[in-house]
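See structure below.
The values are calculated or read from the model by the stated rules, or taken from the named source; none is laboratory data. Computed from a predicted structure; not experimentally measured. Because the Cβ atoms are built from the backbone with ideal geometry, glycine has one as well, and the counts that use them run over all protein chains shown.
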Amino acid sequence: MTDPAHPSSPPADAAAPASAGEVASPAPAGDVADRAAAGFRQRYGAPAAGRWAAPGRVNLIGEHTDYNDGFVLPFALPLRTVVAAAPDDGDRWTVWSELTGDQVGFGADEVAAPGRVPGWAAYVAGVVWALREAGHRVPGARLAVASDVPLGSGLSSSAALEAAVLAALVDLGGLDLPAEGRPRLAQRAENAYVGAPTGIMDQSAAIRCRAGHALFLDCRTEAVEHIPFDLAAAGLAVLVIDSRAPHRHADGEYASRRAACEKAAGLLGVPALRDVAAADLDDALARLDDDETRRRVRHVVTEDQRVLDAVALLRAGRVRDIGPLLTASHASMRDDFEITVPEVDTAVEAALAAGAYGARMTGGGFGGCVLALVDADRADAVADAVTTRYAERGFRAPGFHLATPAPGAHRL
Ligand code: GLA
């Protein structure tokens, strides 16, 4: 999430995916890294000490379960953000962004308390703040940021930025912060410094994913299992459809869903909705008076179970068979959690009608992306079908990416 909260994001088009009907391969691997390095040299007049990359993500299944202490199954995209960086003297941080063309500088005062750096640079300042809060001696630094992760599309451009900056500062300062500890810290930057009440999924995906695998994450314990997800071997592809739906009140709606879940857990006397077992769902629902609350709870409890079922199928090598779980997840988000919009529902329906094994909205909701599991040789046909249905309904043309599981944050 938080793309919508991105206080001074350029329009999503600034880094838009391919246009309607065209299935885009991700940008060539070297490009974004070269742009970050060239931007650094141009801006600061010397080469960077290094470059660090972190990816955007899609979530295969497990939506709005992370802040309920439940399960998620994201994977990293080949679309990534790259930070070129070098140490600077003292407590001074300067960051330039290719997307906005802005250069923002801040010092110890601005990272002494949350909220003092506004706009996109808040994600950078938030990481510095969170590291210092955790007792690390953060080196001053100059940074240049380039990215292929589209903003405002629900592919977690903000977590990619946080993860890449964090990796850079940890390496430049020789800080003792293993990868397992980094998602919590990046989440803290986002929750407390930027002020977006997100869970831990996006930062975990940006940091801990592995190429060729989906990340099965228990959001309570932060235990992970890397689940092989070899689409090509199964003759399959994940088509990511950018719904291009304008985000409608996404931040307020996200916060209100989270509050409803926390309230329901309190009413049920459990620490979090994760503690309601699927087998006990009917009993739990019978104890709630309000129909809306019952539907919110039913989404979270059934979605956790769908993640576990999907993991079991993937462990058994049955990739195609997760399709119905994806589609059931979408129905649950649409009918029970009420976080979809007409554009994403249309994309899901059109993809299924064109032969997708399953399709669902991915991410926080109220717009963003849909993913569809398709035969690899049908990806173009499914994309065309979605584009046609969009045109019939008078929606702005969708965008497309093919997603293959890529690695989490690393030094290049
Ligand atoms: C956004 C948030 C995540 C998660 C998803 C919904 O992406 O950043 O923490 O809650 O929405 O699954």
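Given the conditions (1) in contact (Cβ under 8 Å) with a residue 12 or more places away in the chain; (2) out of contact with any His (no Cβ under 8 Å at 6 or more places or on another chain), and given that Leu175 satisfies all but one, which numbered condition is not satisfied?
(2)
So if I check each of Pro47, Pro87, Pro74, Pro55, which one is touching a helix residue (DSSP H, G or I) at 6+ places or on another chain (Cβ under 7 Å) and free of Cβ contacts under 8 Å to residues at least 40 places away in the same chain? Break it down stepwise before answering.
Details: Pro87 fails: free of Cβ contacts under 8 Å to residues at least 40 places away in the same chain; Pro74 fails: free of Cβ contacts under 8 Å to residues at least 40 places away in the same chain; Pro55 fails: free of Cβ contacts under 8 Å to residues at least 40 places away in the same chain.
Step by step, each of Pro47, Pro87, Pro74, Pro55 is checked, and only Pro47 is touching a helix residue (DSSP H, G or I) at 6+ places or on another chain (Cβ under 7 Å) and free of Cβ contacts under 8 Å to residues at least 40 places away in the same chain.
With respect to Ala121, is the statement that it is in contact (Cβ under 8 Å) with a residue 60 or more places away in the chain and either at negative phi or touching a strand residue (DSSP E or B) at 6+ places or on another chain (Cβ under 6 Å) (or both) true? Walk me through how you get there before you give the answer.
Numbers: in contact (Cβ under 8 Å) with a residue 60 or more places away in the chain: no; either at negative phi or touching a strand residue (DSSP E or B) at 6+ places or on another chain (Cβ under 6 Å) (or both): yes.
In short, no.
Within segment 47-64, track down each residue that is within 16 Å of the ligand (Cβ to nearest atom) and part of a strand (DSSP E or B).
First, pick out the residues of segment 47-64 that are within 16 Å of the ligand (Cβ to nearest atom): 54-64.
Within segment 47-64, Ala54, Pro55, Gly56, Arg57, Val58, Asn59 qualify.
Among what's in segment 43-64 and is among the charged types (D, E, K, R) and farther than 30 Å from Arg360 by Cβ, pick the residue that is surrounded by the most Cβ atoms within 10 Å (Cβ to Cβ). Talk me through it step by step, then tell me what you get.
To start, the set of residues in segment 43-64 that are among the charged types (D, E, K, R) comprises 43, 51, 57, 63.
Right, trim to farther than 30 Å from Arg360 by Cβ and you get 43, 51.
Numbers: Arg43: 18, Arg51: 22.
Going through the qualifying residues, I end up with Arg51.
Answer with yes or no whether Gly135 is free of Cβ contacts under 8 Å to residues at least 40 places away in the same chain and farther than 18 Å from Arg188 by Cβ. Spell out the reasoning first.
On the way: free of Cβ contacts under 8 Å to residues at least 40 places away in the same chain: yes; farther than 18 Å from Arg188 by Cβ: no.
Here the answer is no, as Gly135 does not meet what is asked.
Please list, ordered by first then second residue, the pairs with beta carbon atoms under 9 Å, 6 or more apart or interchain, first in segment 100-115 and modelled with pLDDT under 95, second surrounded by fewer than 14 Cβ atoms within 10 Å (Cβ to Cβ) and of a type in the set (A, V, I, L, M).
The qualifying pairs do not exist here.
It is to be established whether one or more residues within segment 376-391 are of a type outside the set (D, E, K, R), on the phi > 0 side of the Ramachandran plot and in contact with a Phe, Trp or Tyr (Cβ under 9 Å, 6 or more places away or on another chain). Steps first, answer last, please.
Our first condition is that a residue be of a type outside the set (D, E, K, R); within segment 376-391, this holds for 376, 379, 381-383, 385-388, 390-391.
Pick out the ones that are also on the phi > 0 side of the Ramachandran plot and you get none.
Checking segment 376-391: not a single residue is of a type outside the set (D, E, K, R), on the phi > 0 side of the Ramachandran plot and in contact with a Phe, Trp or Tyr (Cβ under 9 Å, 6 or more places away or on another chain).
For the list (1) more than 13 Å from the ligand (Cβ to nearest atom); (2) modelled with pLDDT under 95; (3) under 23 Å from Val300 (Cα atoms), I need the number of the one condition that Glu225 fails.
Going through (1) more than 13 Å from the ligand (Cβ to nearest atom); (2) modelled with pLDDT under 95; (3) under 23 Å from Val300 (Cα atoms) one by one, Glu225 breaks only (2).
With the condition kept exactly as written, say whether any residue in segment 187-198 is touching a Lys or Arg at 6+ places or on another chain (Cβ under 8 Å) and at negative phi.
Pass one, segment 187-198, residues touching a Lys or Arg at 6+ places or on another chain (Cβ under 8 Å): 197.
Right, trim to at negative phi and you get 197.
Among the residues of segment 187-198, at least one is touching a Lys or Arg at 6+ places or on another chain (Cβ under 8 Å) and at negative phi, which makes the answer yes.
With (1) of a type in the set (A, V, I, L, M); (2) within 15 Å of the ligand (Cβ to nearest atom); (3) in contact with a helix residue (DSSP H, G or I) (Cβ under 6 Å, 6 or more places away or on another chain) as the list, and Ala250 as the residue in question, which single condition is left unmet?
The single condition Ala250 does not satisfy is (3).
Please verify whether Arg248 is in contact (Cβ under 8 Å) with a residue 40 or more places away in the chain, surrounded by fewer than 13 Cβ atoms within 10 Å (Cβ to Cβ) and assigned to a loop (DSSP other than H, G, I, E, B), treating the condition exactly as stated.
Numbers: in contact (Cβ under 8 Å) with a residue 40 or more places away in the chain: yes; surrounded by fewer than 13 Cβ atoms within 10 Å (Cβ to Cβ): yes; assigned to a loop (DSSP other than H, G, I, E, B): yes.
Here the answer is yes, as Arg248 does meet what is asked.
Each row is one residue, and each column tells you yes or no for (1) under 24 Å from Phe40 (Cβ atoms); (2) surrounded by 24 or more Cβ atoms within 10 Å (Cβ to Cβ); (3) among the small types (Gly, Ala, Ser); (4) within 12 Å of the ligand (Cβ to nearest atom).
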{"site": "Ala121", "(1), (2), (3), (4)": "yes, yes, yes, no"}
{"site": "Gly126", "(1), (2), (3), (4)": "yes, yes, yes, no"}
{"site": "Ala130", "(1), (2), (3), (4)": "yes, yes, yes, no"}
{"site": "His136", "(1), (2), (3), (4)": "yes, no, no, no"}
{"site": "Ala144", "(1), (2), (3), (4)": "yes, yes, yes, no"}
{"site": "Ala159", "(1), (2), (3), (4)": "yes, yes, yes, yes"}
{"site": "Asp171", "(1), (2), (3), (4)": "yes, no, no, no"}
{"site": "Ala186", "(1), (2), (3), (4)": "yes, yes, yes, yes"}
{"site": "Met201", "(1), (2), (3), (4)": "no, yes, no, yes"}
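For segment 305-331, which positions are of a type outside the set (A, V, I, L, M), surrounded by fewer than 22 Cβ atoms within 10 Å (Cβ to Cβ) and on the phi < 0 side of the Ramachandran plot? Even if it seems obvious, please write down each step before you answer.
Applying the first criterion (of a type outside the set (A, V, I, L, M)) to segment 305-331 yields 305-306, 309, 315, 317-318, 320-321, 323-324, 327, 329-330.
Filter once more, keeping what is surrounded by fewer than 22 Cβ atoms within 10 Å (Cβ to Cβ): 305, 309, 315, 317-318, 320-321, 323-324, 327.
Matches in segment 305-331: Gln305, Asp309, Arg315, Arg318, Arg320, Asp321, Gly323, Pro324, Thr327.
Let me spell it out: the conditions are (1) out of contact with any helix residue (DSSP H, G or I) (no Cβ under 6 Å at 6 or more places or on another chain); (2) within 16 Å of the ligand (Cβ to nearest atom), and Asp289 meets all of them except one. Which number is the exception?
(2)
Condition first: modelled with pLDDT of 95 or more, away from the ligand (no atom under 16 Å from the Cβ), assigned to a loop (DSSP other than H, G, I, E, B) and in contact with a Gly (Cβ under 8 Å, 6 or more places away or on another chain). Can you find one or more residues in segment 73-88 that meet it?
Yes: one or more hits.
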